[in-house]
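Report on the structure given below.
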Amino acid sequence: MPPARPRATTPEGREQRERILQAAIERFTAHGYRGTSLDAVAAAVGISRQGVLHYFPSKVHLLLGVLELRDEETMARAEERVRKGGAAELRSGLLDTVADNQARPDLTRLYTVLSAESVAPEHLGHEHFQERYRTVRAAMSHAIREAQETGELDPGIDPLDAAILLIAVMDGLQMQFLLEPETIDMVAPFSRFLDLLRAHVAGERSS
């Protein structure tokens, strides 16, 4: 697959690329993917359409760049919490991710639709989402393992299995929220789900 993030080898190039991504985020959020043109993104940055295409060869590449940037920001916040608070911050990090997804429904919708379409091997985003899920599973497995070592989670649960299940719950809640945003709240149910896991651990300890 052509890279979603073409190389920008100079500081000026990297800054220009980031400006394009930020403009795309604002317009995708306000007008949706289909309602946003490359010309509109270019105009917001003050460059030509060809200037955008220099960094992102197509509109799909631009969307993949936005999604990658969003993933990086989410991962950076999670890693910072772990550095500051240790494994006990796993819960707050997961809840923060769910709350951020709920607060940004347009980008969340774009991400959900594109990830579903990418299950087709020929889709431009197929390799991107394969790698994305591998990275998230690995990072979450590591955080779960640390939480087990501190007694926050049941050590009898395989960290990778737990990571896969947590991701499945988060993605399932996300789909229900997108279908009925006025009815479904993602944060409270996910918080209660995490409480059930902790209550189970507490029960195991006392037995």
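Derivation of every value follows stated rules applied to the coordinates shown; laboratory data play no part. What you see is a predicted model, and the numbers here were worked out from it, not measured in a lab. Please note: Cβ atoms are built from the backbone with ideal geometry, for glycine as well, and neighbour counts cover all protein chains shown.
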Inset, instruction - Find how many whole Å separate the alpha carbon centroid of the range 6-60 from the alpha carbon centroid of the range 132-200. - result: 33 Å
Inset, instruction - Arrange HIS126, HIS61 by Cβ neighbour counts within 10 Å, fewest through most, would you? - result: HIS126, HIS61
Legend entry - Phi-based couplings in Hz for the range 95-109 (Karplus 6.51, -1.76, 1.60; Gly and Pro marked x): 5, 5, 5, 5, 5, 5, 5, 6, 6, 10, x, 5, 5, 4, 5
